[in-house]
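The values are calculated or read from the model by the stated rules, or taken from the named source; none is laboratory data. Source: prediction; values computed, not measured. Quick reminder, even Gly has a Cβ in these numbers, built from the backbone with ideal geometry, and neighbours come from all protein chains shown.
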């Protein structure tokens, strides 16, 4: 207890803990009504939450794994030991091999004399603050490269680079899955990794996979939450993630011969082939009809080339081993092929000049039974055969692996938009993760989220595309390796801080970084172009009409008009105190929804709802007649549009973004920003005039129907594949 008390006061008086900053970025702490410094000491620090803009908990834990492994609070460690040891408050930047990207946040490869001249110039031009910021950047990068050298040797020693990767795509197997996995783990050849890919698997299957993942370091498991319908996505995931030079395929109900990998590696190297395959033994349980085979019969395949493959599928999938670089070069499995996907891939490989070699040994035991997936496609075999011949000559690229980096996981419109992007892209076959700067592992308030939630400190280094979604995440994206870097600008975030706050300069710097820019509203397109000369592509927000729609109210409406006030009370620019002032002395019921803070006792509030999950907001909207939104800073403001989708109307303060959908007197009433009297009068007019209220509501419904996600995701898909 004494140690905790000493550490608590050390944090409080360190100059590196900012209570307002911590509360602003961690609304759960506000909601729980706990001491922020104590929360950071006991919980937030080890979870990677930053205590202020001037200390990076996640960066410190990432840079110094000894601190993370010991479960120590990073700021406490820095104050006790790290400072004297020369450890850095921002930790280590990622992406050490991309100096150009590091340059965008302050790196310069010019000489020391130039750096001194630049520092003196900054001191003269901008004063001591600019000089200190520049100095911090240089120290940060010096520490980065120094620590990188220190850890690179150890990291190389600990990395796993097997010769062979094996993939088993999985849906719902149990006992026979165990047998299949064990047949790989007990191979005579030992230099391999086993990749297990779950495709919307049930809990009993997931339990088996997770047990193996925990127990055997050779196993790497990946989890898709929805089922894709066949093994294409799982195999393509393995092609993307494989660390081996060769990739061997195995179905989850097949059993490999003990020497399968050893023989395959021998043949693929001896004959310098790109694809090898061998014989197989049929295991029949008597449930599958029309098989010209007997139990334990052995089947061998000849050498093949393009012409033979045009006539027949020669290699058996669960005997194949191929060069990973060849599989990647031709684009992996074709997602259009729901059946004959393996045959189409062999044809595409042969068409592009890759060579095949048959192995005269039984490599696997192939289970043939009534539940084989191929049986569901057999009736339309001629269709799939024709499609195969149409497809194999086409140039194909694998869909990119995408990561959206978010600053936190609390309830908010910006995070909801990211979840919509992720879900809809995953449904179209993309591999999408959401990476959290607060190092959370779940977003509980968004229903049926398909994306995996990954703490920033655990993020992979092989993303094809990383997407920044807020100013702090722009710095994170710059520090991580990826082929492309996008910035989804959802607001001019300088407006969130007082103009004299040093954070404003850091925010502004992100709009000048080297990104591909996207944005959610037309006004931001114009702003980014005029002020920063950035050509942003518009990916307009939509409404999820399956979730946000008129439903049964929480409680029946009364004779009185019901007004809903929505927004985080404890964030001043959201204007909730203005909204409560506007409803004073009105003949109406007042409901309030707030994700942060509670109404004051003197405010008029008939029902308060705190931290309502997004998928339950339709019931709240449908329970009310009018939404009052008095924010002073917005970029698009989804709640008024969602209220329209649920059959209501809105009184809205005139802020940026609402012009995208709101028309004064047509589907809403718009009042000057911050004008409490005008908002009061507009509400009173709607309370008194039921015909006006009905007309606005009807037009609002029609407006909301025009905002759909599908066209936006079509645009996003073109961007991702460009």
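General remarks:
- Of the criteria (1) within 22 Å of residue 571 (Cβ to Cβ); (2) out of contact with any helix residue (DSSP H, G or I) (no Cβ under 7 Å at 6 or more places or on another chain), which one residue 493 fails: (2)
- Filtered residue count, region 706-722, keeping only those that are at pLDDT below 95 and within 28 Å of residue 562 (Cα to Cα): 0
- Scanning region 521-542 for residues that are touching a residue at least 24 places away in the same chain (Cβ under 8 Å), out of contact with any strand residue (DSSP E or B) (no Cβ under 7 Å at 6 or more places or on another chain) and either surrounded by fewer than 20 Cβ atoms within 10 Å (Cβ to Cβ) or not in a loop (DSSP other than H, G, I, E, B) (or both) returns 523, 527, 540.
- A residue that is at pLDDT 95 or above, under 16 Å from the mean Cα position of the chain (by Cα) and farther than 22 Å from residue 718 by Cα can be found somewhere in region 420-435.
- Residue 554 falls short of the stated requirement of being buried (at least 21 other Cβ atoms within 10 Å of the Cβ) and in a loop (DSSP other than H, G, I, E, B).
- Scope region 435-481; condition in a strand (DSSP E or B) and surrounded by fewer than 22 Cβ atoms within 10 Å (Cβ to Cβ); matching residues: 452, 453, 454, 455, 464, 465
- Filtered residue count, region 401-430, keeping only those that are farther than 30 Å from residue 596 by Cα and either in the same structural domain as residue 226 (by TED's automatic domain parsing) or not in a loop (DSSP other than H, G, I, E, B) (or both): 5
- Residue among 305, 274 that alone is surrounded by fewer than 17 Cβ atoms within 10 Å (Cβ to Cβ), over 29 Å from residue 178 (Cβ atoms) and at pLDDT 95 or above: 305
- Considering the conditions (1) touching a residue at least 12 places away in the same chain (Cβ under 8 Å); (2) under 30 Å from residue 718 (Cα atoms), residue 592 is excluded by exactly one of them, (2).
- Options 703, 649; residue that is at pLDDT 95 or above, surrounded by fewer than 24 Cβ atoms within 10 Å (Cβ to Cβ) and either within 24 Å of residue 547 (Cα to Cα) or in contact with a strand residue (DSSP E or B) (Cβ under 8 Å, 6 or more places away or on another chain) (or both): 703
- You will find that of 484, 495, the residue that is farther than 25 Å from residue 430 by Cβ and surrounded by fewer than 21 Cβ atoms within 10 Å (Cβ to Cβ) is 495 and no other.
- When 240, 225, 296 are checked against the criterion of being surrounded by fewer than 21 Cβ atoms within 10 Å (Cβ to Cβ), under 29 Å from the mean Cα position of the chain (by Cα) and over 27 Å from residue 350 (Cβ atoms), 225 stands alone in meeting it.
- Among residues of region 190-218, those that are closer than 17 Å to residue 256 by Cβ, in contact with a strand residue (DSSP E or B) (Cβ under 7 Å, 6 or more places away or on another chain) and assigned to a loop (DSSP other than H, G, I, E, B), counted: 2
- Looking only at residues in region 487-500 that are in a strand (DSSP E or B) and over 26 Å from residue 63 (Cβ atoms), the one that is farthest from the chain's Cα centre (by Cα) is 489.
- Among the residues of region 557-567, those that are out of contact with any helix residue (DSSP H, G or I) (no Cβ under 6 Å at 6 or more places or on another chain) and not in a loop (DSSP other than H, G, I, E, B) comprise 562, 563, 564.
- Meets criteria (under 29 Å from residue 494 (Cβ atoms) and either in the same structural domain as residue 417 (by TED's automatic domain parsing) or touching a residue at least 60 places away in the same chain (Cβ under 8 Å) (or both)) for residue 627: yes
- Of all residues in region 68-79, those that are surrounded by fewer than 23 Cβ atoms within 10 Å (Cβ to Cβ) and free of Cβ contacts under 8 Å to residues at least 60 places away in the same chain total 5.
- Residue 51 fulfils the conditions (1) within 16 Å of residue 455 (Cα to Cα); (2) touching a residue at least 24 places away in the same chain (Cβ under 8 Å); (3) touching a helix residue (DSSP H, G or I) at 6+ places or on another chain (Cβ under 6 Å) except for a single criterion, (1).
- Given (1) more than 30 Å from residue 272 (Cβ to Cβ); (2) surrounded by 20 or more Cβ atoms within 10 Å (Cβ to Cβ), index of the condition residue 383 fails: (2)
- Filter result (without any contact (Cβ under 8 Å) to a residue 40 or more places away in the chain and in contact with a strand residue (DSSP E or B) (Cβ under 9 Å, 6 or more places away or on another chain)) within region 664-674: 664, 667, 668, 669, 670, 671, 672
- Qualifying residue in region 602-615 (condition: more than 19 Å from residue 541 (Cβ to Cβ), out of contact with any strand residue (DSSP E or B) (no Cβ under 9 Å at 6 or more places or on another chain) and free of Cβ contacts under 8 Å to residues at least 24 places away in the same chain): yes
- Residue 581 being at pLDDT 95 or above, in contact with a helix residue (DSSP H, G or I) (Cβ under 6 Å, 6 or more places away or on another chain) and over 30 Å from residue 705 (Cα atoms): yes
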